[in-house]
Amino acid sequence: MKKASLPLLAMLIAVTVTLSIIFIIPIPPTRGFVTLAEVGIYTASLLFGGVPGMVVGAVSGGLIDLISGYPEWALFSIIIHGLQGFIAGKLAERTFRGADVSGLIMGSIVMVVGYFFAGWLLFGLGSGIASIIGNIIQNGFGIIVTIPVVKGLARFQDTRRDRIS
């Protein structure tokens, strides 16, 4: 696992926020939305580990909510996406072997359960329940997109390292 510099984390946060704002799908029953945030969070987690995944998840999650007009979700997103990125990254540090998705699945469970409780707390049980399917779809799509992105970036890193050596 390669170390992530502060400028690299800032770029990953910027890309995650930008993609999430461009491709935002409102979900009226939950008073929330679905985005591509998982792609950035999981990419940072798989390539750089738990702490960088947590930083990208927390900062981008909070910024996406503030920029898109959902400030009531920001604190929850900071905590939930931060934990999601940390767990996915920590498991990746220990188990990543190309297509191993156990960390991504565990991170997804944290996100789905976290937003269930956040929705319940903010708007009632119905909102929490309504968030489950959308968040499962968001995470599934995020995992499907993340795996080839990470494989491509890892191959690029290995190629650059060979040329430099």
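The values are calculated or read from the model by the stated rules, or taken from the named source; none is laboratory data. Computed from a predicted model, the values in this text were never measured in an experiment. Ideal geometry is used to build each Cβ from the backbone, glycine not excepted, and the neighbour counts take in all protein chains shown. Surface areas here come from the heavy atoms of the whole protein model, side chains and all, with no ligands, DNA or RNA. Shrake-Rupley method; radii C 1.70, N 1.55, O 1.52, S 1.80 Å.
Below 8 Å, C-alpha to C-alpha, sequence gap of six or more: please give me the relative contact order for the chain in percent.
On the way: 270 pairs, mean separation 36.8, N = 165.
Reported relative contact order: 22 percent.
Any idea what angle helix 74-95 forms with the longest principal axis of the chain, computed on alpha-carbon atoms, 0 to 90 degrees, nearest 10?
Helix 74-95 and the main axis of the chain meet at about 30 degrees.
For Ile27, which sequence-distant residues (separation of 5 or more, or a different chain) have an amide H within less than 5 Å of its own amide H, given hydrogens modelled in the peptide plane?
Here the answer is Gly32, Phe33, Val34, since their amide H atoms fall under 5 Å of that of Ile27.
Quick check on the chain: helices-only [θ] at 222 nm, where DSSP H runs of length 4 and up contribute -39,500 (n - 2.57) each and the sum goes over total residues. Nearest 500, please.
Numbers: 6 runs with 132 residues, N = 165.
My calculation for the chain gives -28000 deg cm²/dmol from helical runs alone.
Once the piece of chain linking Ile137 and Ile105 is laid out straight, how much longer is it, given 0.36 nm per residue of separation minus the C-alpha distance between them?
Details: separation 32, 0.36 × 32 = 11.52 nm, distance 1.23 nm.
This chain segment gains 10.3 nm when fully extended.
In nm, give the distance between the simple-model label positions of Ile79 and Ala14, each being 7 Å from the Cα along the Cα-to-Cβ direction.
3.1 nm
Tell me, what is the per residue accessible area of the chain in Å², probe radius 1.4 Å? Intermediate values should be presented prior to the final figure.
On the way: 8480 Å² over 165 residues.
Per residue, the chain has an accessible area of 51 Å².
Given contacts defined as C-alpha pairs under 8 Å and at least six residues apart, what's the relative contact order of segment 1-76, whole-number percent? Please report the intermediate quantities before stating the final value.
Values: 90 pairs, mean separation 23.7, N = 76.
Here the relative contact order equals 31 percent.
Determine, at each q value in 0.14, 0.15, 0.16 (inverse angstroms), the log₁₀ of I(q)/I(0) that the Debye formula gives when each Cα of the chain is one equal point scatterer.
-0.64, -0.73, -0.82
Relative to the longest principal axis of the chain, what angle (0 to 90°, nearest 10) does the C-alpha long axis of helix 125-164 take?
10 degrees
Counting alpha carbon pairs within less than 8 Å and at least 6 residues apart, what relative contact order, in whole percent, applies to segment 18-59?
Values: 38 pairs, mean separation 11.5, N = 42.
27 percent.
To the nearest 10 degrees, how steep is helix 37-48 against the longest Cα principal axis of the chain, on a 0 to 90 scale?
In the chain, helix 37-48 runs at an angle near 30 degrees to the longest axis.
Whole Å is fine, so just give me how far the alpha carbon centre of segment 11-63 lies from that of segment 133-149.
That distance is 11 Å.
Summarise the accessible area of segment 96-152 (1.4 Å probe, protein heavy atoms) by the percent that is carbon and sulfur.
On the way: 2290 of 2790 Å².
C and S atoms contribute 82 percent here.
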